[in-house]
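Notes follow once the structure below has been shown.
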Amino acid sequence: MAKRSLASFTIAALTLPSISQSFSLKSVTSGPLKRPPSALSSTAVSDATSSTSAAGERATKFWKWRGHDIFTEVGTSRNNGSEADTSSPVNDKPAVILLHGFGASTVYWRETMSVLQEEGYEVHALDLLGQGRSSKPFTEEAESDGSSSLPYRLYPNDADGEDEDGSDTDASSSPMEIGKNTDTRVEYSINLWGNLVDDYARHQQLEKVVLMGNSLGSLVALSAATGDFLSHSNTDRDNLFSYLAGNNARERSRVAGLCLFNCGVGLNSRNVVKNPTFGPIRRAIFNALFDVLNTLIFDNPFLLRYALNNIVTKELLEDALKSLYMHSPDRVDAELVDSFYYPAKLGGDGAVEAIRQIYTNDAGLTPREYHERYPEILDSLPLHLIWGLEDVVTPINGDVGVFYCDRVANNRSGKGTTTIDVVSSGHMPFDDNPVETHKAMTRWLEKK
């Protein structure tokens with residue numbers, strides 16, 4: 001019993017980097033866009049596979065991004081043919097990009113993709129670098145050298161995805177194909193993934209986009225929509241532009257709206273110390289607590305590796321996921337469990353490194369900070385929140401939920417552009433209670 005309790009705690013910790021919230025109420029280069037489109041490596045490293053359903057066609061493939069394999073799933077509407085053109089007069093609906101939360105993948109968007117396809121949208125779901133079926137970069141230097149420069153010195157100029165990587169794990173016995181673990185140093189951040197999304201939209205030549213994110217993926221959507229990854233450049237922001245966000249000078253924004261499901265507080269829970277109601281003593285206590293947890297657990301690759309190899313099982317992972325599916329725990333099926341289990345088990349040292357960094361790296365901006373930094377963008381964009389009322393990871397009475405409820409109730413944007421729906425659900429409302437959640441989502445899409 002004691003071992004099972006420890007295992008359950010370990011799995012919960014490894015899958016819920018933002019649980020502390022409950023404590024309180026491309027550019028074509030690795031930096032600014034300057035090179036021509038041909039400079040972006042976009043080779044598919046495996047043949048695309050496709051399937052057809054009543055909703056339309058679904059195609060999956062790996063997209064090569066700076067030498068890494070990024071798993072993508074694209075759904076097109078049967079109403080508009082197998083190659084829906086979102087820029088044609090026949091279908092002027094925006095494309096939708098779906099961005100998952102920590103440890104998740106395209107799989108849990110299964111119902112969302114079908115609903116959006118049925119409504120005539122072209123849908124793109126990505127597994128973020130280091131997550132799901134995408135590559136999980138790892139180099140032996142990762143554990144010994146903590147220095148880095150983000151997000152513009154992540155990859156060597158000659159990275160082509162062909163580096164020899166002795167740490168690769170054979171995935172031939174897995175029911176899913178996993179991207180190659182590239183022998184490359186990466187520092188994970190919200191802006192890294194925001195830059196990835198921007199590059200992907202440019203590669204796909206998407207002219208009008210709605211970004212949808214869950215939990216951590218909501219922060220990635222905010223980064224991509226604002227072009228915040230450009231803030232790390234030494235060049236004046238007005239002279240730079242991201243494909244999606246544009247800039248203040250001449251480049252138009254291609255973002256048509258944001259829909260955030262149970263928005264997270266940051267890359268990890270450390271951002272709770274930014275709660276404006278915290279005094280210096282409370283902030284110091286929380287910082288000390290995070291330091292202890294990181295030292296003992298999350299910054300300990302040997303312990304993390306042991307947990308993944310010897311403690312995490314499908315049965316215990318299923319129990320942990322059911323604690324997040326508060327409305328319909330029976331929806332935690334083998335497909336969902338496998339989508340969390342195999343990437344963690346087959347990711348090798350790359351999976352361990354991704355978990356370690358996500359818990360211990362700088363948490364980035366909070367949603368409140370995005371709105372304070374980019375009011376000219378976020379006050380104008382249609383922004384809709386859909387919140388699972390029973391969520392214990394990012395509760396609606398936590399920091400982020402309170403911020404957005406106040407923003408809606410008091411029209412903080414001054415333009416009435418932010419709206420919210422609350423549904424009976426846990427942390428993943430779109431898969432936990434898909435009927436109620438998708439009614440709210442499609443209603444907002446029709447009005448915006």
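Taking all protein chains together and rolling a 1.4 Å probe, Arg282 ends up with roughly 100 Å² accessible.
The order of Arg110, Arg185 by accessible area, most exposed first and with a 1.4 Å probe, is Arg185, Arg110.
Packing order of peptides 253-261, 297-305, highest average first: 253-261, 297-305 (average count of other Cβ atoms within 10 Å over each peptide's residues). Annotation: amide H of Cys259 within the under-5 Å range of Leu211, Met212, Gly213, His384, sequence separation 5 or more or interchain, hydrogens built in the peptide plane. For the set Asp183, Asp431, solvent exposure ranked by accessible area (probe 1.4 Å, protein chains only) runs largest to smallest as Asp183, Asp431.
Computed with a 1.4 Å probe over protein heavy atoms only, the accessible surface of the range 292-448 comes to 40 Å² per residue. Rounded to the nearest 0.05, the FRET efficiency derived from the C-beta distance between Val392 and Ser53 at R0 = 35 Å is 0.55. For Val423, the amide hydrogen comes within under 5 Å of the amide hydrogens of Trp387, Gly388, Leu389, counting only partners 5 or more places away or on other chains and with H modelled in the peptide plane.
Sorting Asp127, Asp349 by solvent-accessible area of protein heavy atoms yields Asp349, Asp127, largest first, with a 1.4 Å probe. Per-residue surface analysis assigns Glu446 an accessible area of about 130 Å², computed on protein heavy atoms at 1.4 Å probe radius.
Highest average first, the peptides 385-392, 130-137 ordered by how many other beta carbon atoms sit within 10 Å of their residues are 130-137, 385-392. The heavy atoms of Glu369 present about 50 square angstrom of accessible area, all protein chains included, probe 1.4 Å.
Pairs over the 25 Å Cα-Cα cut-off, from the set Lys136/Lys448; Lys208/Lys448; Lys61/Lys136: Lys136/Lys448.
The values are calculated or read from the model by the stated rules, or taken from the named source; none is laboratory data. From a predicted model like this one, the values you see are computed outputs, not experimental measurements. Cβ sites come from the backbone with ideal geometry, for glycine too, and all protein chains shown count toward neighbours. What goes into the accessible areas is simple: the full protein's heavy atoms, side chains included, and nothing from ligands, DNA or RNA. Shrake-Rupley method; radii C 1.70, N 1.55, O 1.52, S 1.80 Å.
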